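The values are calculated or read from the model by the stated rules, or taken from the named source; none is laboratory data. All values reported here derive from a predicted model rather than from experimental measurement. Neighbour counts are summed over all protein chains in view; Cβ atoms, including those assigned to glycine, are modelled from backbone coordinates with ideal geometry.
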Ligand SMILES: Cc1ncc(COP(=O)(O)O)c(C=O)c1O
């Protein structure tokens with residue numbers, strides 16, 4: 001048995017993977033190295049990393065500067081508690097940088113270790129805020145169908161994809177899901193953006209505004225199939241939240257740190273959220289780190305609470321010095337290499353290339369914002385009947401041609417076809433960007 005075969009055998013025996021089923025693990029990809037936008041497997045094969053790992057490796061693979069930042073910080077002090085009464089420099093410096101790059105109303109950062117924990121924390125920030133404001137019954141959270149918010153119980157309950165609930169119910173009470181701003185399949189009478197915002201308002205009114213703490217929304221829905229909202233959606237949603245005293249949580253776990261061509265994405269539509277969840281791109285995935293950005297007014301509520309109503313939310317690794325040192329170096333690289341601006345420009349090139357796939361009969365929709373694009377597959381373009389299962393064949397064909405794709409598996413109800421998600425590193429060279437639609441075209445033709 002060679003080294004790779006032995007590794008896979010041992011993997012099968014001892015490792016439970018995310019989204020585990022043995023049928024999906026017959027020929028696992030063993031990635032051994034990465035450089036820029038490219039990955040290399042144990043057999044020396046090269047792939048374009050068309051999803052930046054899991055939407056997170058914004059600065060690209062193999063950046064020694066981040067390894068150096070981690071090693072230097074570990075040698076100095078690897079761990080120090082950031083609980084109240086203590087602090088450390090990387091956490092302080094990174095929080096300041098993030099607030100400066102975020103929204104005009106952003107106030108302060110609480111650090112977590114991942115996106116789900118960020119959302120979980122954001123829900124607790126929202127409940128806490130309303131309790132400080134003497135509105136303790138405002139506890140419910142409204143989210144959207146097709147949303148993905150993470151694996152923990154509350155984040156899973158906000159997630160709008162039934163497959164993630166099926167074997168883990170019941171869901172946490174007080175989580176309500178409404179229609180997303182999904183223009184390609186919007187079936188209401190109104191324009192999709194306004195109609196979907198009204199759906200949130202209807203839910204607030206049905207539940208009673210005095211029981212709703214927050215609405216959580218990804219600026220561009222990612223894992224659910226790269227659903228880009230019409231420009232009317234977020235401004236109207238902000239108005240609705242303000243009208244009913246409901247906080248707006250932007251889940252920017254994917255969209256944060258430059259992915260859409262802005263540091264944070266709601267700026268595309270001139271909207272400021274009350275809370276922002278982030279993770280992934282803050283370290284480009286080199287170490288696990290996430291967090292919540294509280295607006296000035298939420299921060300003020302925390303800082304002005306009496307001692308008997310303090311913010312009793314804690315995690316051992318909040319403000320972890322090594323993760324924050326790596327985050328700081330990563331943000332410096334995004335700044336110095338102009339990767340946010342680059343994502344806006346090169347993202348247009350990527351989307352234009354993918355638009356060229358529209359002549360293929362199975363391509364129903366192509367959408368994107370910055371370096372975050374989706375190609376939705378249909379069985380019939382006229383009826384928009386979702387293609388289901390085609391994505392798995394396309395994955396095999398694309399991998400054989402040197403591109404590693406990620407597919408959002410489609411569903412009949414609510415309808416969405418298998419969607420090829422394309423979100424390469426923000427530094428991906430033009431020539432590599434241009435190869436992505438070329439390889440996908442060949443893979444789709446071969447698979448369909
Ligand atoms: C929008 C969004 N929120 C939250 C999460 C959960 O993040 P994590 O897997 O780091 O917990 C993800 C993960 O893909 C995500 O895409």
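Residues in region 93-108: is at least one within 15 Å of the ligand (Cβ to nearest atom), in a helix (DSSP H, G or I) and within 19 Å of the chain's Cα centre (by Cα)? Even if it seems obvious, please write down each step before you answer.
Taking region 93-108 first, the residues within 15 Å of the ligand (Cβ to nearest atom) are none.
No, there is no match, as no residue in region 93-108 is within 15 Å of the ligand (Cβ to nearest atom), in a helix (DSSP H, G or I) and within 19 Å of the chain's Cα centre (by Cα).
Here are some residues: 325, 315. Which one is touching a helix residue (DSSP H, G or I) at 6+ places or on another chain (Cβ under 8 Å) and assigned to a loop (DSSP other than H, G, I, E, B)? First the steps, then the outcome.
On the way: 325 fails: assigned to a loop (DSSP other than H, G, I, E, B).
One residue alone meets the criteria, 315.
Return the residues of region 126-141 that are touching a strand residue (DSSP E or B) at 6+ places or on another chain (Cβ under 6 Å) and assigned to a loop (DSSP other than H, G, I, E, B); say none if nothing qualifies.
Taking region 126-141 first, the residues touching a strand residue (DSSP E or B) at 6+ places or on another chain (Cβ under 6 Å) are 126-127, 130, 138-141.
Answer for region 126-141, where residues must be touching a strand residue (DSSP E or B) at 6+ places or on another chain (Cβ under 6 Å) and assigned to a loop (DSSP other than H, G, I, E, B): 138, 139.
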**OP:** Identify the residue in region 288-323 that is more than 16 Å from the ligand (Cβ to nearest atom) and within 20 Å of residue 79 (Cβ to Cβ) and, among all such residues, is modelled with the lowest pLDDT.
**Re:** 314
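Tell me, which strands (runs of 3 or more DSSP E) wholly within region 1-74 include 3 or more residues that are within 30 Å of residue 251 (Cβ to Cβ)? Step through it out loud before you land on a result.
Working: elements: 31-35, 38-41, 46-49.
By residue number, 46-49.
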**OP:** Please name all residue pairs, on different chains or six or more residues apart, with Cβ atoms under 7 Å, provided the first residue is in region 140-155 and is over 14 Å from residue 114 (Cα atoms) and modelled with pLDDT of 95 or more and the second residue is within 13 Å of the ligand (Cβ to nearest atom) and in a strand (DSSP E or B).
**Re:** 141/216; 143/216; 144/217; 146/221; 146/227; 147/221
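Residue by residue, here is whether (1) free of Cβ contacts under 8 Å to residues at least 40 places away in the same chain; (2) surrounded by 16 or more Cβ atoms within 10 Å (Cβ to Cβ); (3) closer than 28 Å to residue 284 by Cα; (4) within 21 Å of the chain's Cα centre (by Cα) holds:
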site: 302; (1), (2), (3), (4): no, yes, no, no
site: 309; (1), (2), (3), (4): no, no, no, no
site: 312; (1), (2), (3), (4): yes, no, no, no
site: 335; (1), (2), (3), (4): yes, no, yes, yes
site: 343; (1), (2), (3), (4): no, yes, yes, yes
site: 359; (1), (2), (3), (4): yes, no, no, no
site: 371; (1), (2), (3), (4): no, yes, yes, yes
site: 406; (1), (2), (3), (4): no, yes, yes, yes
site: 413; (1), (2), (3), (4): yes, no, no, no
Subject >> region 242-257, subset more than 15 Å from the ligand (Cβ to nearest atom) and assigned to a loop (DSSP other than H, G, I, E, B), residue farthest from residue 327 (Cα to Cα) >> reply: 244
Original post:
If you take the residues of region 155-189 that are assigned to a helix (DSSP H, G or I) and more than 15 Å from the ligand (Cβ to nearest atom), which of them is farthest from residue 230 (Cα to Cα)?
Top reply: 162
Original post:
Tally time: how many residues in region 268-289 are outside any loop (DSSP other than H, G, I, E, B) and closer than 28 Å to residue 61 by Cβ?
Top reply: 7
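Here's the yes/no breakdown for (1) touching a residue at least 60 places away in the same chain (Cβ under 8 Å); (2) surrounded by 20 or more Cβ atoms within 10 Å (Cβ to Cβ):
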| site | (1), (2) |
| --- | --- |
| 181 | no, yes |
| 184 | yes, no |
| 190 | no, no |
| 197 | no, yes |
| 201 | no, yes |
| 205 | no, no |
| 216 | yes, yes |
| 225 | yes, yes |
Subject >> Qualifying residues in region 221-241 (those that are farther than 13 Å from residue 197 by Cα and not in a loop (DSSP other than H, G, I, E, B)) - the one nearest to the ligand (Cβ to nearest atom) >> reply: 221
**OP:** Looking only at region 12-29, decide whether some residue is touching a residue at least 24 places away in the same chain (Cβ under 8 Å), touching a strand residue (DSSP E or B) at 6+ places or on another chain (Cβ under 9 Å) and surrounded by 15 or more Cβ atoms within 10 Å (Cβ to Cβ).
**Re:** no
